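For reference, the structure discussed in these notes is given below.
The values are calculated or read from the model by the stated rules, or taken from the named source; none is laboratory data. Please read all numbers here as calculations on a predicted model, not as lab measurements. So basically every Cβ, Gly included, is an ideal-geometry build from the backbone, and we count neighbours across all protein chains shown.
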């Protein structure tokens, strides 16, 4: 099916009658996924939004429950706040689609199911657009994702001359496709594949990082310039660590969770003053190891999707692809040395 | 390769080899075209990676704090870097003899994407380093900026509602990554007030109130020490107009308490840590 | 050689994030800065069943949430033994009987009380490391016939800092085939009156003449330095790494392996731990 | 930190809520004297005694405003009279800058002020409070002029005790 360019607005208007449709656009001086308004210009040509779409499912601040003292009985009450709504995420790229795989693994597997996440996840429909442009920092192909096609999406769009090819990929997608039909016509437009210009070899990175010991010089040289700000973790589509805190007023309070960053020293500091990751080096190592090694160990996939946001936004240009290259190099050297010895 | 890069490498190598310094802080080329990133040389061989061009956007002085236990640290300094060093010496982060400064007159840095002069460099008044042990290249003639407080005047000319909208929008998009704090040479508290979770100055929720509280209080904490380098604004991933705030504070202090520039010397009398009995009385 | 098997990655079901409301049933002052709190649900039941070594999170109106090991339980209560160190614990210490708190749990794995059956037990605790070890020791005492000889080694900074004095000096000495050894780091009049040795835990442990055997398990809990020194002493005494069990502590927020901060390598202490053998910890750190 | 009762912000019954930091040695004694002399001044003001006006961290001022006070007044000894000899000189410089800063980010000038009031100036205390309260009354509730983002709990606070089924109406539970 083809969705003509000029029909896009009417389709989105139709869709947003029943659900909230999130589209990439310029909001408040930055680009992010925000509810569709027909008069606002969308940023579909934008290679990647500054802020990732993870906050649809895992908002930066999310209330968990409301507690306090009941007036009549004097007992403590706890009211869970589980928010959920039908949402459509439109115009998401391949890399961000893969980030949902990672978040799903973290929140929905291994014993406990995160109900706050699940309530939102179950009612999310995703419409991905294959990339028509890559930026210099894109490296999703190296992380095993195709920029042209996101198998995780419910509906896949691909842009060609004058319109989009529309394919439903899941049951949810099939259902939503019914709404597309009045705006589409038969046929197919010709599309061209794009490829990342930045390529690194991440195929063995997990094993290679295993070879390099904790005290390896690599981690010193990578961490010197890090400032320990939280930019990389907050713009990352897969970073899911959070803190639980509360806001109190008189005899009431709300406990909420909010994004936290493993780059902050306060993140692991314990009440008695001990900190298991006291140095910048430990924290930098933990972040990269979590991305490229620990997560794969635990959930079987890499926690980096190759969107390039952290490379773009890091104030000191600390680059995960440079780390991957260096680690490969050093691990090889280490192995050759071991073979000789 | 430019002359400065060559001399910089030579001098850094020589200093490391003769044991004057234990480490050298400069810049190296990044992966992408026109991208640079801070480089910390720990042995003489690393100095071959040093470069200096119009894209060395980072102010590197703050790394001295992490490295000082290694011994004397060599730093390549431009105007802003040298003021940052002075500032940190005045704040007792280290001593002048802990650093060896290779001064480089600054050609003004460019944005790597657009190729135009960086925002933070536009109203720079001190392109020559204000303190150094050696100067590489010729000192250049300083051009005083047309308006030192241009960034603040853009906003202060507007009416109250417009100003409020600008800052509300800005603080609403702040993600509280604290990059502005971590990159700032004046932010040297061992424990920042936002990390004092037991005291609870600041909630962790990301909303306008808390973000504005953070932004304003951080700016106020460094207000009389700000060296106007603009690193906070450059580092900000969400492009908050942080210099519009800092410049405003600096402007007020200059007009009310007398002209000064922070970081020009190491014995500056900071406006909020001193007073004069003849200060203007407006609370009578 | 009997193997000690520890369960890892245990999810007990139930609500991971929403606490249940409990009432403080009883407060037992232990020392000047340690108190034991017994909690029961509003209708007087035990909030949940837990196994020795598991932990729970306490929260209350006006303050945050904190992780504590469940130090014991009875018919209708679970109990936490808490030392006053930070803001939350200070607030907790101000609470009175009848006040209400939120509790969630039980989280984490438990001491290997099943696979240790029939073994001789050596418990080593320092300072506020007592409560977790006590929960296991109490279990062994309650099921006395299932376990062999029990040694309990406990030290604290001063006599005043000794937790659970009643157990140490009155209850446990009466238990058959159980020896209790107590030392203090800094002697005082009271400690001398009781005849306690002035010694750090590890050297004290070495003087007791406890021998390692294939059929003896050691359980250690204390601060990082106690853990380090005692591990060395145990090694010297001949304990195999997989016969030394300990419980780790990290900063935790969620307790269910989601929030990310308590990892050592790819293991989350809250979900995979907190109980590990020394061999497992060594393994964890080499791959971390 | 002042705790604000949200329910009193409806227009007709709105009364300004004002927090005044009063220096222990001068202004607090001055306020005491005003009380002894049975002087009448608006009850909108809440006095918070501090050891010295130099003790007033600008953070406190901002916190009070962010938590919903409609105005903040800082009072201390006259310059030269400070019990600690120089505290109020520092406070003066600091608060001069801070007042301009608050106005720069969009706060009305009426909402924040600093006054020097000595222990004997009961009348001046009364006049200052009257004047300041009237100023704040004129500019209206803070919420309408200086955007305060809803805090995490804004929608929830008070909900439980008002209705019997709070969670469903607020959260739209799944």
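Data table
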| quantity | calculated |
| --- | --- |
| Identity of the residue in the range A:20-51, surrounded by fewer than 16 Cβ atoms within 10 Å (Cβ to Cβ) and in a loop (DSSP other than H, G, I, E, B), that ends up modelled with the lowest pLDDT | A:45 |
| Residue satisfying condition, being touching a strand residue (DSSP E or B) at 6+ places or on another chain (Cβ under 9 Å), under 20 Å from residue D:112 (Cα atoms) and either in a loop (DSSP other than H, G, I, E, B) or modelled with pLDDT of 90 or more (or both), within set B:283, B:220 | B:283 |
| Subset of the range A:294-322 (residues that are in contact with a helix residue (DSSP H, G or I) (Cβ under 6 Å, 6 or more places away or on another chain) and away from every other protein chain (no Cβ under 11 Å)) | A:302, A:304, A:305, A:306, A:307 |
| Residue within the range A:223-243 that is at pLDDT below 90, under 25 Å from the mean Cα position of the chain (by Cα), part of a loop (DSSP other than H, G, I, E, B) and facing chain C (nearest Cβ under 10 Å) present | no |
| Residue in the range A:157-180 that is assigned to a loop (DSSP other than H, G, I, E, B), loosely packed, with under 15 Cβ neighbours inside 10 Å and within 14 Å of chain B (Cβ to nearest Cβ) present | no |
| Count of the range C:228-248 residues which are crowded, with 24+ Cβ neighbours inside 10 Å and either within 14 Å of chain A (Cβ to nearest Cβ) or in contact with a helix residue (DSSP H, G or I) (Cβ under 6 Å, 6 or more places away or on another chain) (or both) | 3 |
| Residue within the range A:34-42 that is under 30 Å from residue C:58 (Cβ atoms) and either in contact with a strand residue (DSSP E or B) (Cβ under 6 Å, 6 or more places away or on another chain) or within 14 Å of chain C (Cβ to nearest Cβ) (or both) present | no |
| Within the range B:233-253, tally of residues that are over 20 Å from residue B:127 (Cβ atoms), facing another protein chain (nearest Cβ under 10 Å) and either part of a helix (DSSP H, G or I) or out of contact with any strand residue (DSSP E or B) (no Cβ under 9 Å at 6 or more places or on another chain) (or both) | 11 |
| Which listed residue, of B:85, B:40, is under 13 Å from the mean Cα position of the chain (by Cα), outside the structural domain of residue B:189 (by TED's automatic domain parsing) and not in a loop (DSSP other than H, G, I, E, B) | B:85 |
| Which numbered condition residue A:175 misses (of (1) more than 20 Å from residue A:93 (Cβ to Cβ); (2) not assigned by TED's automatic domain parsing to the domain that holds residue A:90) | (2) |
| Among the residues listed as C:160, C:137, C:125, the single one being within 28 Å of residue C:88 (Cβ to Cβ) and part of a strand (DSSP E or B) | C:125 |
| Test: residue in the range C:73-95 that is at pLDDT below 90, in a loop (DSSP other than H, G, I, E, B) and crowded, with 21+ Cβ neighbours inside 10 Å | no |
| Of all residues making up the range A:83-97, the number that are over 15 Å from residue D:159 (Cβ atoms) and over 14 Å from the mean Cα position of the chain (by Cα) | 7 |
| Scope the range A:244-268; condition at the interface with chain D (Cβ under 10 Å from one of its Cβ atoms) and in contact with a helix residue (DSSP H, G or I) (Cβ under 9 Å, 6 or more places away or on another chain); matching residues | A:249, A:252 |
| Count of residues meeting criterion [within 20 Å of the chain's Cα centre (by Cα) and either touching a residue at least 24 places away in the same chain (Cβ under 8 Å) or assigned to a strand (DSSP E or B) (or both)] in the range A:52-82 | 9 |
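Listed here are the residues, each with its yes/no results for (1) in a helix (DSSP H, G or I); (2) modelled with pLDDT under 95; (3) over 16 Å from residue B:187 (Cα atoms); (4) not assigned by TED's automatic domain parsing to the domain that holds residue B:58.
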| position | (1), (2), (3), (4) |
| --- | --- |
| B:212 | yes, yes, yes, yes |
| B:224 | no, yes, no, yes |
| B:255 | yes, yes, yes, yes |
| B:265 | no, yes, yes, yes |
